[in-house]
Amino acid sequence: MGKRARDLASELGVPVNEIIRRAWKFNRSVVTADSLLSRALEEGIRHAAPLASVPALGRPRAPQPQAGRHRRRPWRTLGDLAPMEQALARDQIRRRSPYWYGAPDHKIAPDEYSTVQRLARVWADNWFNDKEVTAWLALGVQSPGDAAGWRKQGFDATSAAAWLAIRVQSTSAAIFTAAGVTPAMLDTAYAMKGKALRGGKLTLQRALEHQDVTPEEICSELRRLGAIPRQRP
């Protein structure tokens, strides 16, 4: 085995984040400061082209321009952002790749902030406020269009949560809700006559996910089983 990442950083005179970046670029290896590197990975890191913007340890930092069009844009602190931007920025930070190892989790980079601004405009254009955005993001709904689709079917993030947890689409959830079907009922064994049963081990939810059955057919089956009331003629 080779050296630890932090020891190699000291030897090469670069920050440990530069070693982590080179490891990811070399063969998509995810390492930490205390990771023990393989010989092949160590050699790959040694011969990788250095990142020009990262100064070597112990060397004077090149003077930065104080004014002009090429001045480096500052990182944004979350506390300085508008409420909706804060919610979107936290989501961006949660989804950072290993390349961002060591980046502050209370600030976002200029490129991230540009993305946050764009998304905030789209969410606002769909008439969502910061609390609603936070709730939808917590459920993994990152598209304003998807959230708007659920709202069109009569759901907010709270009422959609149980359906999202079992991967049911908004249109199907609306059909089930109107018929009195709950998410728990879709855990019923799938044993409908005239249908491919796939070994008899599927639930109604899995059959729906495989598109073996429609929401309307599930409602009919649950009525036959007495799980929901029959429709009046």
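The values are calculated or read from the model by the stated rules, or taken from the named source; none is laboratory data. Just so we're clear, the structure is a prediction, and the values are computed from it rather than from any experiment. Here the Cβ positions follow ideal geometry from the backbone for every residue, glycine too, while neighbour counts run over all protein chains shown. For the accessible areas, the whole protein counts, side chains as well, though only heavy atoms, and no ligand, DNA or RNA atoms are used. Shrake-Rupley method; radii C 1.70, N 1.55, O 1.52, S 1.80 Å.
What ranking do 126-135, 14-23 get when scored by the average of other Cβ atoms within 10 Å per residue, highest first? List each step's numbers first, then the result.
Numbers: 126-135: 16.8, 14-23: 23.0.
Sorting 126-135, 14-23 by mean packing, highest first, produces 14-23, 126-135.
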Legend entry - In nm, spacing of pseudo-spin labels at L78 and A191 (7 Å Cα→C-beta vector): 5.0
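Two decimals is fine: what's Rg over Rh for the range 110-196, C-alpha atoms, Kirkwood radius as Rh?
Numbers: Rg = 16.2 Å, Rh = 14.6 Å.
My calculation puts Rg/Rh at 1.11.
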Inset, instruction - Return one whole number: the accessible area per residue of the range 74-131 in Å², for a 1.4 Å probe. - result: 61
Inset, instruction - Subtracting the Cα-Cα distance from 0.36 nm times the residue separation, let me have the gained length for K131 to T115 in nm, one decimal. - result: 3.9 nm
Legend entry - Rg to Rh quotient for the range 87-233, alpha carbon positions, Kirkwood Rh: 1.11
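Counting only protein heavy atoms and a 1.4 Å probe, tell me what percentage of the range 81-224's accessible area is made up of carbon and sulfur.
Numbers: 4060 of 7870 Å².
Carbon and sulfur: 52 percent of the exposed surface of the range 81-224.
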Legend entry - For the range 98-104, Karplus couplings with θ = phi - 60° (6.51, -1.76, 1.60), whole Hz, Gly/Pro x: x, 4, 8, 3, x, 5, x
Inset, instruction - Return, for the Cα atoms of the range 134-173, the radius of gyration and Dmax in Å, separated by a comma. - result: 8.7, 24
Legend entry - Integer Hz, Karplus 6.51/-1.76/1.60 couplings in order for the range 206-215, x for Gly and Pro: 5, 5, 5, 5, 7, 6, 7, 8, 9, x
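Applying a 10 Å radius around every beta-carbon, put 92-99, 147-154 in order of their mean neighbour count, most first.
Values: 92-99: 12.6, 147-154: 17.9.
Final packing ranking: 147-154, 92-99.
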Legend entry - Sequence-distant lysines (8 or more away, or on other chains) whose Cα lies within less than 28 Å of K131: K107, K152
Legend entry - Amide H partners (placed H, <5 Å) of L36, local residues excluded: none
